[in-house]
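K.L.:
Before anything else, here's the structure in question.
Taken together, the values in this text are just the output of simple stated rules run on the coordinates, not laboratory data. No experiment lies behind these values; they were computed from the predicted model shown. In this analysis, Cβ positions are derived from the backbone assuming ideal geometry, glycine residues included, and neighbour counts consider all displayed protein chains.
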Amino acid sequence: MDSEQLYDVIIIGGGPAGCATALSLVRSKPDTSFLLVDDADPSKFKIGESLPADTTRILAYLDPDLPETLEEDTDSGKHVYCTGNASVWNTSDIHETDSIMNPYGMGLHLDRAVFDELLRESVRAISHDQKPGHVLHGSFTAVAKDSNSWLVSVDDVGSGKTIVYRSNWIIDASGRKASVAQKLGAKTVKQDSLLAFYTVFAVSEHSEVDDDHRTLIEATPSGWFYTSQLAQNRRVVVYHTDDKDPSSKIARKIDGFLNLLHTQARFISSIIQDADYDVLNEPGTNYPKCTAAGSSNLEPACDDESRWYAVGDAAMAFDPLSSQGMITALKMGSRLGLELARVLDSDTQAVSEAGRDGVTTERRTMADVYKAVRDDYDSKKIYYYSQVRRFDTDFWKRRQGA
Ligand SMILES: Cc1cc2nc3c(=O)[nH]c(=O)nc-3n(C[C@H](O)[C@H](O)[C@H](O)COP(=O)(O)OP(=O)(O)OC[C@H]3O[C@@H](n4cnc5c(N)ncnc54)[C@H](O)[C@@H]3O)c2cc1C
């Protein structure tokens, strides 16, 4: 079934990057028509919970109500505050950074599915009567070019029907899968093969109170663990290693995961044991779950002549050591929204012609953003990993050689 509606922009993916793109675009150019398509199930656990305290500024830029709503949600028990970071990293002792040292105060340990839904709710609230903005619960399946516009096929979750929408621009904010860009011939280039194995724990009936609200990171011979306390007496534990490392086979099964945790990560193991945590028993979910967690970038990440951009993890993804994924996705989306507003305001054809002559910087402007983000991350990553010299193992040697 075809939709006659021609949108200025269709955004595939309603995570932080896609929502930030929509909010920033409409803030800069309120008459823009857009469709944001997302297939997430907000009732399902989503990994990636640490929100740095300074994210509040970018959230306030995107929607002035967001910081307050987030605070209300936290006070009502949907998220919990993060009191700081602790790491067992370059030595076998624990080192702490209290959030009291942070000028922005405490960060959060989010319920990510709830947070992402809050962002989509904010996008829903900026619909207009004449130039509509819509959020659609659906799954993108195909993209094709019809003369000057994109034809974008979406399976609507509610009706089960496939609907084809038209747009002038298409944005890939679908996360690491880069579903749109892959179909347009772009390739995701992986910098490493890091995997993350994660398990959610819940306290058992007679457990001690777990009052540790830090993010705790612990290096082990073949990788590293982290843990964060979540709302509703839950705790997530994540193990990272390379796909070819022998421990990756062990971590795939819950017995192996727990064995690695309790034999290699003594601080995190103590937290789990002291508070009597059990693996969360959720219908339909078997822990541990495995997901890609390495650094990667999309080549190319945009083509302004064809009128598509990738943003967030779809454009470039980072290993979770820095906890910067969300704030970077939000910043990139904000920047892309501004660029799109500028391009939509001008004659698109003239912009791309001039771009070819090197007169304008439209394309190079987003390329510069991608490069700046990548350079910043790479320097931090090498610094963090090069600190760990106490294991003479392949995992750490690979990182130190990087
Ligand atoms: C193990 C791990 C731990 C992490 N921990 C942290 C952390 O503590 N703090 C932090 O800041 N970052 C963390 N990150 C990174 C962070 O989660 C990502 O950088 C961030 O989610 C990127 O946002 P995004 O919007 O680009 O992509 P995503 O959050 O992946 O959002 C993409 C959206 O697109 C939707 N989508 C995908 N395909 C389709 C389709 N075909 N049709 C419609 N919709 C589609 C998805 O449902 C999703 O809602 C972690 C990552 C990993 C792997």
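K.L.:
Fewest first, what order do Ser28, Ser346, Ser179 take by the number of other Cβ atoms within 10 Å? Don't skip to the end; give the middle numbers.
P.N.:
Numbers: Ser28 17, Ser346 12, Ser179 20.
The fewest-first ordering by Cβ neighbours comes to Ser346, Ser28, Ser179.
K.L.:
Let a ≥ b ≥ c be the square roots of the eigenvalues of the Cα gyration tensor of the range 1-88; is it rounded (a/c under 1.5), or, if not, prolate (a/b larger than b/c) or oblate?
P.N.:
On the way: a/c = 2.50, a/b = 1.79, b/c = 1.40.
Since a/c reaches 1.5 and a/b is larger than b/c, the shape of the range 1-88 is classed as prolate.
K.L.:
Let me ask something additional. In the chain, which longest range has no GluC sites (Glu not before Pro) that are both DSSP loop (not H, G, I, E or B) and surrounded by at most 15 other Cβ atoms within 10 Å? Write out the running numbers ahead of the final one.
P.N.:
Details: sites that count: Glu205, Glu208, Glu305.
Formally, the longest exposed-site-free interval is 1-204.
K.L.:
About the Cα centre, and with charges only on the beta carbon of Lys, Arg (+1) and Asp, Glu (-1), how big is the dipole of the chain? Nearest 20 debye, please.
P.N.:
Working: 43 positive and 61 negative charges, 278 e Å.
The calculated dipole for the chain is roughly 1340 debye.
K.L.:
What's the magnitude of the charge dipole for the range 61-141 around its Cα centre, counting Lys and Arg as +1 and Asp and Glu as -1 at the beta-carbon? Answer in Debye, nearest 20. Can you show the working numbers first?
P.N.:
Working: 5 positive and 15 negative charges, 82 e Å.
Here the size comes out at about 400 debye.
K.L.:
Restricting to Cα pairs below 8 Å that are 6+ residues apart, what does the relative contact order work out to for the chain? Please round to a whole percent. Don't skip to the end; give the middle numbers.
P.N.:
Working: 807 pairs, mean separation 87.5, N = 402.
Over the chain, the number comes to 22 percent.
K.L.:
Assign one of three labels to the range 192-350, namely rounded, prolate or oblate, based on the Cα gyration tensor with a ≥ b ≥ c the square roots of its eigenvalues; rounded applies when a/c is under 1.5, prolate when it is not and a/b is larger than b/c, and oblate otherwise. Let's see the in-between values first.
P.N.:
Values: a/c = 3.01, a/b = 2.11, b/c = 1.42.
Note, shape of the range 192-350 comes out prolate.
K.L.:
List the lysines whose Cα sits under 18 Å from the Cα of Lys249, skipping any in the same chain fewer than 8 residues away.
P.N.:
Reachable lysines: Lys289.
K.L.:
Which angle from 0 to 90°, rounded to the nearest 10, does the C-alpha axis of helix 254-264 make with the longest principal axis of the chain?
P.N.:
Around 60 degrees separate the two axes.
K.L.:
Let's see if you can work this out: charge +1 on each Lys and Arg Cβ, -1 on each Asp and Glu Cβ, no other charges. What is the dipole magnitude of the range 88-190 about its Cα centre, in debye to the nearest 20? Mind dumping the intermediate values first?
P.N.:
Working: 12 positive and 12 negative charges, 152 e Å.
Charge dipole, the range 88-190, about its Cα centre: 740 debye, nearest 20.
K.L.:
Here's another thing I want to ask about it. List every residue whose amide H lies under 5 Å from the amide H of Leu230, counting only residues 5 or more places away in sequence or on a different chain, with H placed 1.01 Å from N in the peptide plane.
P.N.:
Those qualifying (amide H under 5 Å, at least 5 residues apart or on another chain) are Arg235, Val236.
K.L.:
Determine the relative contact order of the range 134-278: mean sequence separation of Cα pairs under 8 Å and six or more apart, normalised by residue count, in whole percent. Show your work: numbers first, answer last.
P.N.:
On the way: 213 pairs, mean separation 26.0, N = 145.
That works out to 18 percent.
K.L.:
Still on this structure, please answer the following. Would you order Tyr165, Tyr309 from fewest to most other beta-carbon atoms within 10 Å of each residue's own beta-carbon? Intermediate results must be reported in sequence, preceding the final value.
P.N.:
Details: Tyr165 24, Tyr309 29.
In increasing order of surrounding Cβ atoms, one gets Tyr165, Tyr309.
K.L.:
Further question on the same structure: Step through the table entries Lys44/Lys253; Lys244/Lys381; Lys29/Lys183; Lys253/Lys397; Lys44/Lys145, compare each Cα-Cα distance with 24 Å, and write down the pairs that go over it. Please list the in-between numbers first.
P.N.:
Values: Lys44/Lys253 21 Å; Lys244/Lys381 21 Å; Lys29/Lys183 29 Å; Lys253/Lys397 26 Å; Lys44/Lys145 34 Å.
Exceeds cut-off: Lys29/Lys183; Lys253/Lys397; Lys44/Lys145.
K.L.:
Quick one: angle between helix 66-75 and the longest Cα principal axis of the chain, in degrees between 0 and 90, rounded to 10, please.
P.N.:
So the inclination is approximately 30 degrees.
K.L.:
Continuing with the same structure: Only bridges with both residues in the chain count here: give the DSSP antiparallel percent, nearest 5. Please report the intermediate quantities before stating the final value.
P.N.:
Working: 60 of 84 bridges.
Beta bridges within the chain, antiparallel portion: roughly 70 percent.
K.L.:
Remind me, relative contact order of the range 70-195 in percent, using alpha carbon pairs under 8 angstrom and six or more residues apart? Spell out each step's value before the answer.
P.N.:
Working: 138 pairs, mean separation 15.7, N = 126.
Across the range 70-195, relative contact order equals 12 percent.
K.L.:
While we're looking at this one, here's another question. When a/c reaches 1.5 or more, the comparison of a/b and b/c decides; with that in mind, is the chain rounded, prolate or oblate per its Cα gyration tensor? Intermediate values should be presented prior to the final figure.
P.N.:
Details: a/c = 1.89, a/b = 1.62, b/c = 1.17.
Prolate, since a/c reaches 1.5 and a/b exceeds b/c.
K.L.:
Ranking Ile382, Ile217 by Cβ neighbours within 10 Å, fewest first, what do you get? Kindly include the intermediate steps, with their values, before the conclusion.
P.N.:
On the way: Ile382 13, Ile217 26.
If I rank by nearby Cβ atoms, fewest first, I get Ile382, Ile217.
K.L.:
Right, here's the next one. Note the angle between two axes, namely the Cα long axis of helix 16-28 and the longest principal axis of the Cα atoms of the chain, as a number of degrees from 0 to 90, rounded to the nearest 10.
P.N.:
40 degrees
K.L.:
Asp242's amide H: which non-local residues (gap 5+, or another chain) put their own amide H closer than 5 Å, with H modeled 1.01 Å from N in plane and none for Pro or chain starts?
P.N.:
Under 5 Å from the amide H of Asp242 lie the amide H atoms of Leu195, each far enough along the sequence or on another chain.
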